[in-house]
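J.: Have a look at this one before I ask anything.
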Amino acid sequence: MMSINGKNTTTTSQPPPPHSTGDGGGGHRLRLNPNSEHEPDNYEDLEVEFSPLLFSALERYLPPSLLSVPKETKLNYMNHILLRYSSKTDRLRLHKHKEYRQKIISNYKPLHCDLYTMNGSSFFIPSFLKAISENTEGSFRSIMKEDSPGIFTFEMLQPKICAKLVEEVENFEKWVHETRFRIMRPNTMNKYGAVLDDFGLESMLEKLMDDFIRPISKVFFSEVGGATLDSHHGFVVEYGTDKDIDLGFHVDDSEVTLNICLGKQFTGGELFFRGVRCEKHVNTETQPEESKDYPHVPGHAILHRGRHRHGARATTGGHRLNLLVWCRSSVFRELRKYQKDFSSWCAECDREKKERQHKAITTTKLELLRREEATS
Ligand SMILES: [Zn+2]
């Protein structure tokens with residue numbers, strides 16, 4: 001599903017808008033090109049159905065006559081447009097999912113309450129905290145390795161927090177087993193594992209994204225919406241010979257993915273990468289320099305674009321748990337519909353472009369040679 005819902009998906013009880021078909025010339029439309037000089041309003045203080053950031057970004061695309069009207073009027077106008085993308089079925093599904101979450105949260109008793117509110121100094125190792133507080137490319141690079149372009153590895157979580165997260169997930173699994181509660185697994189590929197957002201860790205993960213992942217992504221992944229990450233899907237996957245063993249080659253439904261190994265003891269399970277690709281090129285060949293393997297180290301994180309193709313090799317012994325945060329930008333997802341040439345980050349698009357340029361140059365050279373020969 002191409003979701004454009006942000007973190008405010010809780011307010012979905014509004015009736016559908018009286019708009020729709022055949023808007024004609026007088027309907028709700030956006031301009032093709034943004035007004036880059038316009039200073040957008042801030043929508044954080046309003047109860048909105050989509051991310052406030054999305055409204056601020058869309059504002060530049062409003063018809064000129066609307067740029068100076070009251071904020072509520074602009075909001076209403078943009079909401080009409082956005083609701084076209086979110087069907088009644090989608091909203092009903094969101095409502096059902098909210099009820100499902102509520103049912104778990106009111107019955108499940110957490111084991112480690114301190115995990116549910118984030119305390120930076122007990123969660124992270126000091127060097128990571130320092131780099132984030134300095135908030136510069138240099139400070140991030142001082143703790144990160146980028147052995148392959150766009151794949152960043154660094155030490156992040158305190159061992160004690162890794163252990164507590166593992167225990168919390170095990171405690172949750174135990175509760176699920178005892179109460180025979182039917183839970184949804186994190187995604188279509190993993191049979192084991194749990195969605196952390198579903199049992200109360202949503203606000204902790206939101207803070208993790210807002211205060212830690214977004215500042216880094218703003219620097220390294222700005223072309224895929226790194227600065228405007230505004231919603232997430234957080235889950236733990238479990239691997240072992242009695243669990244999921246490996247994970248096939250895929251891309252994530254995210255702009256940026258944070259993957260942290262939590263432990264415990266294991267062999268194998270390396271993460272392998274195969275280059276960044278857009279929708280159109282997702283199945284194209286891997287260039288030799290794009291192929292790279294990363295071992296998992298407990299407490300260490302790997303940060304990459306969601307469109308960086310990857311998979312996990314077989315965990316050959318022991319038991320491995322990883323925490324994944326898929327970070328999404330509704331602004332990026334919305335704006336890519338309006339812009340041509342939106343895939344500069346795709347290695348294959350880039351290669352094709354260079355090839356076209358090379359061909360054009362060769363043709364011109366040949367043409368010049370031919371003319372020279374003709375005149376001599
Ligand atoms: Zn492409």
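The values are calculated or read from the model by the stated rules, or taken from the named source; none is laboratory data. Treat the numbers as computed from the prediction; the structure is a model and nothing was measured. No Cβ is skipped: glycine too gets one built from the backbone with ideal geometry, and neighbour counts run over all protein chains shown.
J.: Against the conditions (1) within 30 Å of MET204 (Cα to Cα); (2) at pLDDT below 90, where does HIS300 fall short? Just the number, please.
T.: So HIS300 meets the others, but not (2).
J.: Identify, from the list ARG84, ARG101, the residue that is farther than 30 Å from TRP175 by Cβ and surrounded by 12 or more Cβ atoms within 10 Å (Cβ to Cβ).
T.: It is ARG84.
J.: May I pose another question? Take the residues in the stretch 242-282 that are assigned to a loop (DSSP other than H, G, I, E, B) and of a type in the set (A, V, I, L, M); name whichever of them is nearest to the ligand (Cβ to nearest atom).
T.: By that ranking, first place goes to VAL282.
J.: Keeping to the stretch 176-197, report how many residues are in contact with a Gly (Cβ under 8 Å, 6 or more places away or on another chain) and either among the small types (Gly, Ala, Ser) or at pLDDT below 85 (or both).
T.: Looking only at that region, the number is 1.
J.: Still on this structure: Is it fair to say GLU99 is assigned by TED's automatic domain parsing to the domain that holds LEU157 and either closer than 30 Å to ARG182 by Cα or out of contact with any helix residue (DSSP H, G or I) (no Cβ under 6 Å at 6 or more places or on another chain) (or both)?
T.: Judged against the criteria, GLU99 is not a match.
J.: Taking the condition in contact with a Lys or Arg (Cβ under 8 Å, 6 or more places away or on another chain), farther than 22 Å from THR153 by Cα and assigned by TED's automatic domain parsing to the domain that holds GLU279, does GLY200 pass?
T.: no
J.: Could you pull out the residue among GLU146, GLU173 that is acidic (Asp, Glu) and either at pLDDT 95 or above or not assigned by TED's automatic domain parsing to the domain that holds PHE272 (or both)?
T.: Criteria check complete, one pass: GLU146.
J.: Identify all residues within the stretch 143-184 that are part of a strand (DSSP E or B) and among the aliphatic types (A, V, I, L, M); write none if there are none.
T.: Passing the criteria: ILE151, LEU157.
J.: If you don't mind, there's one more thing I want to ask. Here are some residues: GLY318, GLY311. Which one is within 16 Å of HIS250 (Cβ to Cβ), away from the ligand (no atom under 16 Å from the Cβ) and either under 22 Å from the mean Cα position of the chain (by Cα) or touching a residue at least 60 places away in the same chain (Cβ under 8 Å) (or both)?
T.: Just one listed residue meets the conditions, GLY311.
J.: If you don't mind, there's one more thing I want to ask. Taking only the stretch 185-223 into account, find how many residues are assigned to a helix (DSSP H, G or I) and in contact (Cβ under 8 Å) with a residue 24 or more places away in the chain.
T.: So the count comes out to 22.
J.: Turning to a different aspect of this structure: Can you find even one residue in the stretch 113-127 that is under 22 Å from PRO215 (Cα atoms), out of contact with any Ser or Thr (no Cβ under 9 Å at 6 or more places or on another chain) and among the hydroxyl-bearing types (Ser, Thr, Tyr)?
T.: yes
J.: When you go through (1) at pLDDT 85 or above; (2) assigned to a loop (DSSP other than H, G, I, E, B) one by one for ILE104, which number turns out not to apply?
T.: Status for ILE104: all satisfied but (2).
J.: Whether any residue in the stretch 334-348 is in a helix (DSSP H, G or I), more than 16 Å from the ligand (Cβ to nearest atom) and modelled with pLDDT under 90 is what I want to check.
T.: Scanning the stretch 334-348 turns up at least one residue that is in a helix (DSSP H, G or I), more than 16 Å from the ligand (Cβ to nearest atom) and modelled with pLDDT under 90.
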